[in-house]
1. Extension gain L58-I85, at 0.36 nm per residue separation less the Cα-Cα distance, in nm?
2. Between segment 173-190 and segment 236-253, what is the separation of their alpha carbon centroids in Å?
3. By per-residue mean of other Cβ atoms within 10 Å, what is the highest-first order of 78-85, 139-146?
4. What is the extension gain from A158 to E22, computed as 0.36 nm multiplied by their sequence separation minus the C-alpha to C-alpha distance, in nm to one decimal?
5. How far apart, in nm, are the 7 Å Cα→Cβ label points at A145 and W31?
6. At R245 and A131, where each label point lies 7 Å from the Cα along Cα→Cβ, what is the point-to-point distance in nanometres?
7. Taking 0.36 nm per residue of separation and subtracting the Cα-Cα distance, what length does fully extending A234 through L75 add?
Amino acid sequence: MYTFLDYFNRVAHYEWWVVLVELLLIGLVIWWVVDFLEGTRGERLFRGVIFILVSGVLVLNLVVERLPFDRLQYLYRGFLIAVMIVAVAGFQPEIRRVLIQIGQPRIWAGSSHQLSRTVEELVTTVTELSAARIGAIIVIEKQVALGEFIETGVRLDARVTSDLLKTIFYPGTPLHDMAVVVRGDRLVAASVQLPLAEAGSVAGVELGSRHRAAVGITAGSDAMCLVVSEETGAISIARDGKLIRNVTESQVRSNLVGDAAATGHVPLMGRLRSRHAEE
C-alpha cells in the first residue's frame with residue numbers, strides 16, 4: 001500500500017493542469033454531496049464517516065504501515081471497509097432520492113385544470129387554517145410511494161377540497177391529530193403517522209412534533225410537506241429534509257406550482273400567474 005509520501009512523489013511527475021482538474025472534480029463531488037445532504041439526518045452521518053475514513057487513512061499511512069504490526073494492519077484495513085459498507089446502508093434514503101431525481105419523475109398526475117384547482121385548494125386550506133391557528137400537516141406524495149405510512153392511517157379516496165381538509169384538521173375531530181397524504185388531486189389518507197426527525201435536526205430551532213414529522217418524511221422520500229403551527233399560525237414548507245418557516249401564501253403557491261411546472265405542466269404555471277395578475 002502506498003504511503004502519502006509515495007503518492008506525492010507520483011503526483012510530482014504529473015502535469016499541473018491534470019492535478020488541478022482532478023482536484024476540481026473531487027471538490028465538486030464533495031460540494032454536491034454536502035449540499036444534497038444539508039439539513040438531513042445523513043449530513044451528520046456523512047461528517048462522521050468522513051472523519052473516520054480520514055483518521056483511518058492517516059493512522060494507516062503514518063503509523064501502521066511504518067511499524068511491524070502486520071495483524072493490526074490487516075484488521076485496520078478490514079475496519080475501514082466495514083465502515084464504508086455501513087455508510088452505504090446508512091445512506092439508503094439519500095441514495096434512493098438521488099436515483100429518483102436521476103429518473104426525472106413525474107410529480108403531479110392529471111390534467112392542468114385538475115392541478116390548478118388542487119393547488120388553489122391547498123393554498124386556501126393552509127391560509128385559512130393559519131388565520132384560525134389550527135394545526136395541520138399535509139404531505140404531498142411524489143414519485144416515492146408512501147404506502148407504508150398510508151397504512152398507518154385511515155384510507156380515503158376523495159377529491160382534494162379546502163372544506164374537507166379544514167374539517168379533518170378541526171380540533172376534536174377523530175382524524176385531526178396526524179397527517180393527511182395527497183396524491184395528485186386525490187386525498188388518499190388521513191390520521192397518518194409519520195417518522196419523526198431527530199431532535200436538533202434543524203440547527204438552532206426547537207421543533208414541535210408536526211414540524212419534526214415533516215422533516216422526517218421529507219428526509220426519507222421526495223415528498224413535500226405543508227405544516228401549519230397551532231401555536232403561532234405560521235406556515236412552513238418541508239422538502240428534502242429541510243424546513244422553510246414562516247412562508248407566505250404566495251410562497252406556498254409558487255412551491256406547489258413549481259413542482260407541477262417541473263414535470264412539463266407549463267400551462268398550469270402560466271394560468272395561475274395570469275389569474276393572480278388580474279386580481
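Please treat every number below as a calculation from the coordinates, not as lab data. Small disclaimer: the values here were computed from a predicted structure and weren't measured. No Cβ is skipped: glycine too gets one built from the backbone with ideal geometry, and neighbour counts run over all protein chains shown.
1. Computed gain between L58 and I85 is 7.8 nm.
2. So the two Cα centres are separated by 19 Å.
3. The densest-packed peptide leads the list: 139-146, 78-85.
4. Extra length from A158 to E22 when fully extended: 43.6 nm.
5. My value for the distance between the label points is 3.9 nm.
6. 2.5
7. This chain segment gains 51.9 nm when fully extended.
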